[in-house]
Structures are given as structure tokens and as C-alpha cells.
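Report on the structure given below.
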Amino acid sequence: QVQLKESGGGSVQAGDSLKLACAAPGRAFTNWRMGWFRQAPGKEREYVAQCNWAGSTTAYADSVKGRFTISRDNAKNTVYLQMSDLKPEDTAVYYCAATSRALPTTRANDYIGWGQGTQVTVSS
């Protein structure tokens, strides 16, 4: 099992940047493919980005491609989401999660270890 804790959210202006972090205590961090999701008020949770165990393969939702970057530091058991050129539509609670699937997946049901999330608010 894995328990995750997100941090780094905040309130910013459109065009600003934020870097989210997700800590995953435990020795088996490299066993997991990691993903970021977000949920805006009144909307379903949506996939944002994911990376493989090494961070060498990444994938993004079209809505964030070119603006967000997922990375991980396995020595620190942490995965990051660097967000640039933020837009008001990026406002949401951001969650990280882990999956044991070897191949990329965007389905939230494939992921476990959901934390409480971190709020990102972008004003215009």
C-alpha cells in the first residue's frame, strides 16, 4: 500500500507558475508509476500527467501539454508537477496517485494512494 501527501498549492495570477510536490514514504517508491489528477468544483476528477518509475517516460493531458512538467526524485520518494503559464481553468484540487500498471493509464480507478490534495487557484 502507498500513502501520498500533496503540497505546494496556492493562489496565483494567470500566467504565474507553481510547483507541486507529492511525498510517498516507503521503500517501494520505484515500484509505482505516478500520476497527477485534478478536480474542479462540480466536475469529475480528471487526469493531468503521469510518469514511469524512472521519470524517463511522461505523458500529459492535452489541456496541460507544453505548460506542465511531471518529474520525480526517487532518492526523495517525491514526484513533482511544475506548472507554468497557469490559467483560471487550471483552478482545482490537485491529487497525486500511484499505479502498479506497467503501461500508461489515464483512468483514475487504476490508481491508489490518493492523498487529500492541494488547492490551486488561478485568478485572471
Yes/no for Ala59 being open to solvent by less than 20 Å² (accessible area, probe 1.4 Å), small (Gly, Ala, Ser), out of contact with any helix residue (DSSP H, G or I) (no Cβ under 6 Å at 6 or more places or on another chain) and part of a strand (DSSP E or B): no
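Can you tell me which of Val64, Val48 is among the hydrophobic types (A, V, I, L, M, F, W, C), in a strand (DSSP E or B), in contact (Cβ under 8 Å) with a residue 24 or more places away in the chain and crowded, with 20+ Cβ neighbours inside 10 Å? Reasoning before the result, please.
Numbers: Val64 fails: in a strand (DSSP E or B).
On inspection, the qualifying residue turns out to be Val48.
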Search result, residues across region 87-124 that are farther than 17 Å from Ala23 by Cα, open to solvent by less than 80 Å² (accessible area, probe 1.4 Å), not aliphatic (A, V, I, L, M) and not in a loop (DSSP other than H, G, I, E, B): Pro88, Asp90, Asp110, Thr121, Ser123
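Only residues that are out of contact with any Phe, Trp or Tyr (no Cβ under 8 Å at 6 or more places or on another chain) and not in a strand (DSSP E or B): list them for region 9-19, please.
Ala14, Gly15, Asp16, Ser17
The values are calculated or read from the model by the stated rules, or taken from the named source; none is laboratory data. None of the values given here were measured: they were computed from a predicted structure. Here Cβ is always computed from backbone atoms with ideal geometry, including for glycine, and neighbour counts include all displayed protein chains. Calculation scope for accessible area: heavy atoms of the full protein, side chains included, ligands and nucleic acids excluded. Shrake-Rupley method; radii C 1.70, N 1.55, O 1.52, S 1.80 Å.
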